[in-house]
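Take a look at the following structure, please.
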Amino acid sequence: MKQNLTIAGLLIAILAVAYYTSSSTIEIAATTTGLAAVWLTAKEKIWTWPISLINVACFFYMFLDVKLYADMTLQVFFFILSIYGWIIWMTKRGEAAVRPTRVWNVKLAAMLGGFIVIFTTVWGLVLDVYTDASIPYLDAFIATLSLTAQFLLSYKILQNWYFWIIVDVLSIGMYFYKELYTTSFLYVIFLGIAIMGLVDWKREYARTAAASVTQDEVNHYAG
């Protein structure tokens, strides 16, 4: 009940900001579905994925309209990763509703670090040279971090939340600069939810890890 009241309160706050800033219909649709998707993700609910598909379609159109082409292109990747994440979360879940949380290893961290540097540089250069993008390199950096975070989220890897926190902080400023005030406010909320998601997922991971160790001990002594 308390959680339902919280999400309802956040939704009302977003709609209030949208009203007072005269936000477009597509921005309102994008922000409200985005709020629902991120909230459900933090709570590890499988419904996050179908709502995410609607959300990325709305954001695609909105970013096209304001010439944030990296963010626009990002939605295509998000759409694909959302379908993939939906499938991944439904596998290897045993009796649980969704797949257990995992953590990354050093090899994956190094690969993603290299990907971020190279992809941001190339993407930013392309946007700067071949498009009329408003802020090409920042747009490309945020988009690349978001893509990395979404990849980790699709695989239900805990570290996705650290990337989302950085993305949220940067996005608050960028969207405010582009006068997307409702979207900027949404990312303030996203930041809070990302912190909550990190705490909740850490707790769930620790509980699952402890249960796994206990079961291994039982199997050892039983054997």
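Among the numbered criteria (1) in a helix (DSSP H, G or I); (2) in contact (Cβ under 8 Å) with a residue 60 or more places away in the chain, which single criterion is violated by Cys58?
Exception for Cys58: condition (2).
Of the numbered conditions (1) within 30 Å of Ser134 (Cα to Cα); (2) more than 12 Å from the chain's Cα centre (by Cα), Ser52 fails exactly one; give the number of that condition.
(2)
Please state which of the following conditions Val98 fails to meet, knowing it meets all the rest: (1) without any contact (Cβ under 8 Å) to a residue 60 or more places away in the chain; (2) under 20 Å from Trp201 (Cα atoms); (3) under 18 Å from the mean Cα position of the chain (by Cα); (4) part of a helix (DSSP H, G or I).
(4)
For the structure I just gave you, tell me whether Lys107 is part of a helix (DSSP H, G or I), out of contact with any helix residue (DSSP H, G or I) (no Cβ under 9 Å at 6 or more places or on another chain) and under 19 Å from Leu158 (Cα atoms).
yes
Separate question: Kindly provide the set of residues from the stretch 194-213 that are under 21 Å from Pro100 (Cβ atoms) and either touching a helix residue (DSSP H, G or I) at 6+ places or on another chain (Cβ under 7 Å) or not in a helix (DSSP H, G or I) (or both), ordered by number.
Ala194, Met196, Gly197, Leu198, Asp200, Trp201
Which condition does Lys92 not pass, out of (1) at pLDDT below 90; (2) of a type in the set (Lys, Arg); (3) assigned to a helix (DSSP H, G or I), if it passes all the others?
For Lys92, the failing item is (3).
Which members of the stretch 165-180 meet the condition of being in contact (Cβ under 8 Å) with a residue 60 or more places away in the chain and of a type outside the set (A, V, I, L, M)?
Lys178
Just to be sure I understand the filter: pairs with C-beta atoms under 7 Å, separated by 6 or more residues or on different chains, first member in the stretch 65-91 and more than 19 Å from Leu40 (Cα to Cα), second member hydroxyl-bearing (Ser, Thr, Tyr) and not in a helix (DSSP H, G or I). Which pairs pass?
Lys67/Ser134; Leu68/Ser134; Tyr69/Thr131
OK, next. Return a yes/no flag: does the stretch 68-89 have any residue that is among the hydroxyl-bearing types (Ser, Thr, Tyr), under 16 Å from Ile157 (Cα atoms), touching a Gly at 6+ places or on another chain (Cβ under 9 Å) and part of a helix (DSSP H, G or I).
Looking through the stretch 68-89, none of the residues is among the hydroxyl-bearing types (Ser, Thr, Tyr), under 16 Å from Ile157 (Cα atoms), touching a Gly at 6+ places or on another chain (Cβ under 9 Å) and part of a helix (DSSP H, G or I).
Among the residues of the stretch 120-143, are any closer than 22 Å to Thr48 by Cα and either touching a helix residue (DSSP H, G or I) at 6+ places or on another chain (Cβ under 6 Å) or at pLDDT 90 or above (or both)?
Yes: one or more hits.
Here's a follow-up. Here is a list: Asp128, Asp139. Which entry is outside any loop (DSSP other than H, G, I, E, B), of a type in the set (D, E, K, R), farther than 27 Å from Thr208 by Cβ and without any contact (Cβ under 8 Å) to a residue 40 or more places away in the chain?
Asp128
Same structure again: Hey, among Phe151, Phe176, which residue is under 15 Å from Val66 (Cα atoms) and either among the aromatic types (Phe, Trp, Tyr) or under 16 Å from the mean Cα position of the chain (by Cα) (or both)?
Phe176 is the lone residue from the list that is under 15 Å from Val66 (Cα atoms) and either among the aromatic types (Phe, Trp, Tyr) or under 16 Å from the mean Cα position of the chain (by Cα) (or both).
What single numbered condition from (1) assigned to a helix (DSSP H, G or I); (2) farther than 20 Å from Phe163 by Cα; (3) modelled with pLDDT under 90 fails to hold for Trp39?
So the condition that Trp39 fails would be (2).
Still on this structure: Ser146: among the hydroxyl-bearing types (Ser, Thr, Tyr), touching a residue at least 40 places away in the same chain (Cβ under 8 Å) and not in a loop (DSSP other than H, G, I, E, B), yes or no?
Considered against the rule, which asks whether it is among the hydroxyl-bearing types (Ser, Thr, Tyr), touching a residue at least 40 places away in the same chain (Cβ under 8 Å) and not in a loop (DSSP other than H, G, I, E, B), Ser146 comes out as yes.
The values are calculated or read from the model by the stated rules, or taken from the named source; none is laboratory data. Being a predicted model, the structure only gives us computed values, none of them experimental. Virtual Cβ from ideal backbone geometry, glycine too; neighbours counted across all protein chains shown.
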